[in-house]
Amino acid sequence: MRLEPERVWSAEAVTVVRLVGDLAQTAGLRAYLVGGPVRDLLLGRPTLDLDIAVEGEVGGLAQALSSALDGQVAMHQRFGTAVVDWSSGLHVDLATTRRESYPEPGALPEVAPAPLDEDLRRRDFTVHAMALPLTSHPATLIDPLGGRLDLQLRLLRGLHPRTFVDDPTRILRAARYAATFDLTVEPQTLAWLHTAVTDGMLRRVSGARLWGELERTLIIPEFTSACELLAQWGALAELGLRALDRLAMLPELESVPEATPADRALAVLGMLAGEPVGEVTRAFELTLAQRDAVQAAAAMVSSPPAAVFAAEAKSSTLHEVLRRVPRAGILALWASHPGTRGNLRRWLAASPWQADVTGDDLVASGYPPGPGFREALEAALKAKLDDGADRQGQLQAALQALEQSRRRQT
């Protein structure tokens, strides 16, 4: 079967793929488009990740590509891989074709160079075990394991019984791919997956690796479907996410104004963690900022501030209550307590939450800098939020607060 990227992908993606093929041919290397990009091409979907497998050493090819694109190269000698990035949404992953062995379940693989056929057979699912030659024309699909047929049948099929034992993070990937591409996990593969979950294989993987894979799953548009699959398989409980009664709240996260996928991922983690949430954040080895965000999300579900439910709550009151809450906490509050959404919309619409006057305006009005400035600027912001005061009105409120502060000090 012949595939024609120019019918599906952006002109830039097509240009880069052809450039890689030309550079590889000049260097006497055989290069192949593999994995996700081939899957996307068969599905008629655009792609931002160009995965290239090379029968040979990739360092020289990566440097040549980087020079041609005026980009940067990051080499990973242990795995024989390189990443080329440049001023684009695209990036190219280059890897020497290889075989893998796993010293123990969940460990990082030990790799050695191998022909393309072995490289394809060490991958996760048949839909990723396909390749498209870049150094032969016309390029004909290489599909030793029937990935194209599985795509047509909408099946996600593992390659062997140890698929989820060698790398348990494939459990999370299975949910992501099934949700993203509307695939059904093939029955034998599902049996292997269930056995790996039951045998505790996910607990054999480091928290950082698990969070990296889970975060990639939670930032996709179909995150709700992916979470439902993981819950059905028992994987969420194995990850310490046992508040499964809250799964029904997750679709509400899609309607939060200005919600970023990264904030949403942390909100989901906090919502599903239940108690004690601290154990979950430590298990995933999150950063301090991420831990704060997840704990805020959990708190907003179980103990939301009363002020956000008040129909007549002043905007300044909402600001005082919510201004230190990480955005993931705001998302969780929105999703779990619909009665707060009117106030949350009003508060979010008031962004940026700062007065239109500054300390310089107070100095220009004849006041020397001092501790009263903070209180004065808060008064200006309150006037803006509650009364809709313009800049002059905010300045008057600030100066009045400064006078009151001065009188208290004398």
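Which angle from 0 to 90°, rounded to the nearest 10, does the C-alpha axis of helix 288-302 make with the longest principal axis of the chain?
70
Would you kindly state how much longer the chain becomes between GLN63 and GLU6 on full extension, computed as 0.36 nm times their sequence separation minus their alpha carbon distance, in nm to one decimal?
18.0 nm
Based only on other Cβ atoms within 10 Å, what is the fewest-to-most ordering of LYS382, LYS314?
LYS314, LYS382
Under the rule of -39500 (n - 2.57) per DSSP H run of 4 or more residues, summed and divided by the residues of the chain, what mean residue ellipticity at 222 nm is obtained, to the nearest 500 deg cm²/dmol?
Helices in the chain give a 222 nm mean residue ellipticity of -15000 deg cm²/dmol.
Relative to the first principal axis of the alpha-carbon coordinates of the chain, what is the inclination of helix 207-218, with its axis defined by its Cα atoms, in degrees from 0 to 90 and to the nearest 10?
Result, in degrees: 80.
Once both axes come from the Cα atoms, what is the angle between helix 223-232 and the longest principal axis of the chain, in degrees from 0 to 90, rounded to 10?
It is inclined by approximately 70 degrees.
Relative contact order, percent, of the chain when contacts are C-alpha pairs under 8 Å separated by at least 6 residues?
Answer for the chain is 9 percent.
Here are labelled values, (1) 1.14; (2) 1.00; (3) 1.10, and one is the computed Rg/Rh (Cα atoms, Kirkwood Rh) for what I pasted. Which one?
(3)
Using a 10 Å cut-off around each Cβ, can you sort THR198, THR163, THR358 from fewest to most neighbouring Cβ atoms?
THR198, THR358, THR163
Using only the alpha carbons of the range 275-410, determine the length spanned along each of the three principal axes and report them from longest to shortest in whole angstroms.
Taking max minus min along each principal axis of the Cα atoms, the range 275-410 gives 55, 33, 25 Å.
Full-extension gain between ALA208 and THR184, please, as 0.36 nm times their residue separation minus the C-alpha to C-alpha distance.
5.9 nm
Please compute the net charge surrounding ARG346, taking Lys and Arg as +1 and Asp and Glu as -1 over other residues with Cβ under 12 Å from its Cβ.
Residues close to ARG346 contribute a combined charge of +1.
SER302 label point, 7 Å along Cα→Cβ, cut-off 18 Å on backbone N: hits in the range 308-343?
326, 328-337
No lab work stands behind these numbers, since they all come straight from the coordinates. Note that the structure is predicted; figures quoted are calculated from it, not measured. With ideal geometry, Cβ positions are generated from the backbone for all residues, glycine too; neighbour counts draw on all protein chains shown.
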